[in-house]
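Inspection log for the structure reproduced underneath, given as structure tokens.
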Amino acid sequence: MLQRHAVVKVSEKTQFTCIRCGRCCISGPNVSLTAHDICRISKYLGVSWRELRGRYILAVVGDAYATPVLRSVGEGVCVFLKYDGGKPQCLIYEARPLRCILYPFIPTSPGRHSEMHVDTYCQGIGLGGEAEPGWSIFRQYSEELKYMYERIHSLVFNDGLEPLEALEKVIDEVCSQDEGR
Ligand code: SF4
Ligand code: SF4
């Protein structure tokens with residue numbers, strides 16, 4: 001029997017298939033985001049990322065850093081979850097955050113690339129065929145997170161910005177880089 005957060009290492013597999021129950025989207029806590037996640041979501045929705053602030057995206061400020069997260073409504077229900085004929089549906093599925101793509105696998109640490117937790121709270125664990133974590137998505141997530149926090153660190157400690165200002169500046173930069181491609 002797996003623990004709630006059993007560990008899966010590279011080359012190991014877990015029996016899992018997503019049954020689209022939506023449980024992972026109603027159980028909070030809020031999904032943490034990279035600046036790149038935010039830019040992908042805003043691009044997908046065809047709005048400026050600043051239009052997502054407050055209504056869809058919040059920042060949790062602690063010490064010198066601000067962490068962007070998806071907003072929940074009610075008791076831990078993701079703001080992008082809707083029900084269509086009783087079936088859960090992600091309104092930004094094609095642009096959903098990397099943490100959502102990875103689930104039910106959860107990084108044990110962003111820098112530890114050889115293992116992930118598997119969340120047995122997921123209804124699809126133990127069903128279907130064998131699956132392994134999305135290791136390449138995990139690496140992408142780690143790189144985006146590292147970039148965001150290194151840039152925030154520099155803006156806070158070298159340029160004297162407040163944590164929230166620094167986070168917003170980094171998101172502006174990443175979104176404008178993406179537009180330039
Ligand atoms: S809890 Fe598991 S099975 Fe249900 S939607 Fe989420 S990933 Fe899929
Ligand atoms: S963004 Fe989509 S997949 Fe992620 S928690 Fe919200 S509804 Fe679920």
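The values are calculated or read from the model by the stated rules, or taken from the named source; none is laboratory data. Because the structure is predicted, anything quoted here is derived from the model rather than measured. Because the Cβ atoms are built from the backbone with ideal geometry, glycine has one as well, and the counts that use them run over all protein chains shown.
Scan segment 1-24 residue by residue and report those that are small (G, A, S) and either surrounded by 13 or more Cβ atoms within 10 Å (Cβ to Cβ) or modelled with pLDDT of 95 or more (or both).
Here is the first cut: in segment 1-24, the residues small (G, A, S) are 6, 11, 22.
Within segment 1-24, A6, G22 qualify.
Here's the yes/no breakdown for (1) touching a strand residue (DSSP E or B) at 6+ places or on another chain (Cβ under 9 Å); (2) within 30 Å of V10 (Cα to Cα):
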| site | (1), (2) |
| --- | --- |
| E130 | yes, yes |
| R151 | no, yes |
| D159 | no, no |
| P163 | yes, no |
| L167 | yes, no |
| V170 | no, no |
| D178 | no, no |
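Where strands (runs of 3 or more DSSP E) fall entirely within segment 57-165, those with at least 2 residues that are hydroxyl-bearing (S, T, Y) are at 65-70. For segment 73-82, the criterion of being without any contact (Cβ under 8 Å) to a residue 40 or more places away in the chain, among the charged types (D, E, K, R) and farther than 22 Å from I171 by Cβ is satisfied by at least one residue. Residues in segment 29-41 that are among the hydroxyl-bearing types (S, T, Y) and either at positive phi or buried (at least 22 other Cβ atoms within 10 Å of the Cβ) (or both): T34 alone.
Can you tell me which residue among G86, G124, G76 is crowded, with 17+ Cβ neighbours inside 10 Å and more than 25 Å from E143 (Cα to Cα)? Result of the check over G86, G124, G76: G124. Within segment 1-54, the set of residues being within 16 Å of ligand 2 (Cβ to nearest atom), hydrophobic (A, V, I, L, M, F, W, C), touching a residue at least 12 places away in the same chain (Cβ under 8 Å) and outside any helix (DSSP H, G or I) comprises F16, C18, I19, C21, I26, V31, L33.
G180 meets the stated requirement of being modelled with pLDDT under 95 and loosely packed, with under 14 Cβ neighbours inside 10 Å. For segment 81-132, filtered to residues that are more than 15 Å from C25 (Cα to Cα) and of a type in the set (V, I, T), the residue that is modelled with the lowest pLDDT is T108. Selection within segment 25-57: residues that are among the hydrophobic types (A, V, I, L, M, F, W, C) and at pLDDT below 95. The member of this set that is farthest from G86 (Cα to Cα) is V31. Taking segment 61-119 as the search range and keeping residues that are closer than 16 Å to C18 by Cβ and among the acidic types (D, E), which one is nearest to ligand 1 (Cβ to nearest atom)? Result: D119.
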